[in-house]
Amino acid sequence: MGIVAGLDSSSAYTHIVVCDTDSGAVLREGYAAHPVEAKATEVDPQAWLLSLGEAASGGLLEGVQAIGVSAQQHGLVPLDQQGNLVRPALLGNDRRAQVAAADLVDALGGRGAWAEAVGAVPGAAQPVAKLRWLARTEPENAQRVAAVLQPHDWLVWQLLGRPARRTTDRGAASGTGYWSAGSASYRPDLVEIALGHSAALPEVLGPADSAGMTPEGLLISAGTGETMAAAFGLGVAVGDAVVSLGASGSVMAVHHEALADQNGMITSFADATGMHLPVVHLSNAVRALRGTAEMLGVEGLEELSALALKSTPGASGLVLLPYLEGERTPQLPHTAGTLSGLRRESMKPEHLARAAFEGMLCSLADALDVLRGRGVEVRRVFLLGAAAELPAVQALAPAVFGTQVVVPQPAQYAAIGAARQAAWALGVSQGSLDPRTPPAWQGAAAQVLEPGDELAVGGAVRQQYAATRDQIHPGAFGGAHPE
């Protein structure tokens, strides 16, 4: 038996878990907030090191043989020829590159050209768009950029003592906008289009590779982005989809190949195991519930959930299309939400509450169908986020999704995934593990919900929702959308 650590450097904090290499059991944990302003869009990366040091204090890493690093995605750390920071790192939540992203889409010939090139259409979050923004708004800084890293790459490089070799992994690279998960290769020409000149890019390591050893003899695994680390920590595999319920939402699944989507609705990420993670993003999820709660004057989502369960399936004919902030899936960026089916008998608070939950879940089911329509197998759905604990979500989701729903207990899955990767790299380096097969850790503790006899009811709810959606937004899914 040995012990390994996983480090997750999110947008707000560093969380470290120390795990048993054989079972994955969490033995101890450390936590520290980043010393940065909340919702900061740029930051000195030294802040990540400061919180890392605090989280690891008190002998937390004593006896640890290897460590894996997970970090927030889509950050850009620009370095000069000497490896020094050109300017503060630009974070994933920085929206200033929206115009730059649109410029890049046009520069390559449209959304389809980008989807074919790298499996994703540039958005403001992606490093490739941030490079374009830098070239347009800070040309002197842009000229000094000789190398670009993401947060996880930079942290691994620092832990190793800033060696000449800089590394990343498939998962993190697939979110840059200049590495293709389909061809497993960089597109340096896209960096030049964005930045105006070439820049050194980190070497892409395989899932079980080691980035190197620290001066103290600690093995550092390849590391990865938070999304990929969380999927690895959860233990999802082919046949599994993960639905994330935040203010916005996302649906991703494990698949055997990259999916180039000419419509740009699917972003083709690589995962932390050698497989792929096609992702469909939605602009609206829990924000539709919060907006409904405010409109009804109820106290919080728990009360809204209880109110919704007083209604019946179909919400007495009320349908809420929850496109409150425009929508990415379907691509309706300038639309608004719609409440349809108002009759005297349906104008009751419980029916509106139910319509909000059904609308949110049907919209997520639409996103699942985008993946299913491309041959992605979905046998069960992992439901993540605080809203997954709401009784109304748990009561409705299996029937609406038409499959088993798994609600994992809250845990630091990204940090656990980073630790599992560290155990894999350690085992491979010692000759005890196969580089093609990750360690078989215990799965996440979870509540399992079955659709049971409610499948037909869920299908009827989806039909009602789809009829309203197609009437108000005909052709939103190209006219070939499975129900």
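Values for this structure:
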{"item": "The stretch 394-483, Rg to Rh (Cα coordinates; Rh as Kirkwood inverse mean 1/r)", "result": "1.22"}
{"item": "20 Å reach of a label modelled at Ala411, 7 Å along Cα-to-Cβ, counting backbone N of the stretch 370-405", "result": "380-390, 405"}
{"item": "Sequence ranges 368-376, 177-185, 441-449, ranked by mean other-Cβ count within 10 angstrom, highest first", "result": "177-185, 368-376, 441-449"}
{"item": "For peptides 310-319, 330-339, sequence by mean Cβ density within 10 Å, most packed first", "result": "310-319, 330-339"}
{"item": "C-alpha long axis of helix 98-108 to longest principal axis of the chain, angle in °", "result": "80 degrees"}
{"item": "Folded to 0 to 90 degrees: helix 46-55 orientation relative to the chain principal axis, Cα", "result": "80 degrees"}
{"item": "Sequence-separation-based contact order of the stretch 350-406, relative, with Cα cut under 8 Å and 6+ spacing, percent", "result": "45 percent"}
{"item": "Cross-link reach list, lysines versus Lys348, counting only Cα pairs under 26 Å and skipping chain neighbours closer than eight places", "result": "Lys310"}
{"item": "Sequence ranges 260-266, 147-153, ranked by mean other-Cβ count within 10 angstrom, highest first", "result": "147-153, 260-266"}
{"item": "Rough spin-label spacing in nm, given labels placed 7 Å along Cα→Cβ, for Ala336 and Ala395", "result": "3.1 nm"}
{"item": "Two-site label geometry, Ala25 and His256: point separation in nm, points 7 Å out along Cα→Cβ", "result": "3.7 nm"}
{"item": "Within the accessible area of the chain (1.4 Å probe), percent carbon and sulfur", "result": "51 percent"}
{"item": "Solvent-free Debye scattering, log10 I(q)/I(0), computed from the Cα coordinates of the chain at q = 0.08, 0.13 Å⁻¹", "result": "-0.48, -1.22"}
{"item": "Over the stretch 26-89, relative contact order from alpha-carbon pairs under 8 Å, at least 6 apart, %", "result": "34 percent"}
{"item": "Computed Kirkwood radius, in angstrom, where 1/r is averaged over Cα pairs of the stretch 432-483", "result": "15.4 Å"}
{"item": "Relative contact order [Cα under 8 Å, 6+ residues apart], the stretch 184-292, whole percent", "result": "19 percent"}
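The values are calculated or read from the model by the stated rules, or taken from the named source; none is laboratory data. Just so it is clear, the structure is predicted and the values come from calculations on it, not from any experiment. With ideal geometry, Cβ positions are generated from the backbone for all residues, glycine too; neighbour counts draw on all protein chains shown. The area values use the complete protein model at the heavy-atom level, side chains included, leaving out ligands, DNA and RNA. Shrake-Rupley method; radii C 1.70, N 1.55, O 1.52, S 1.80 Å.
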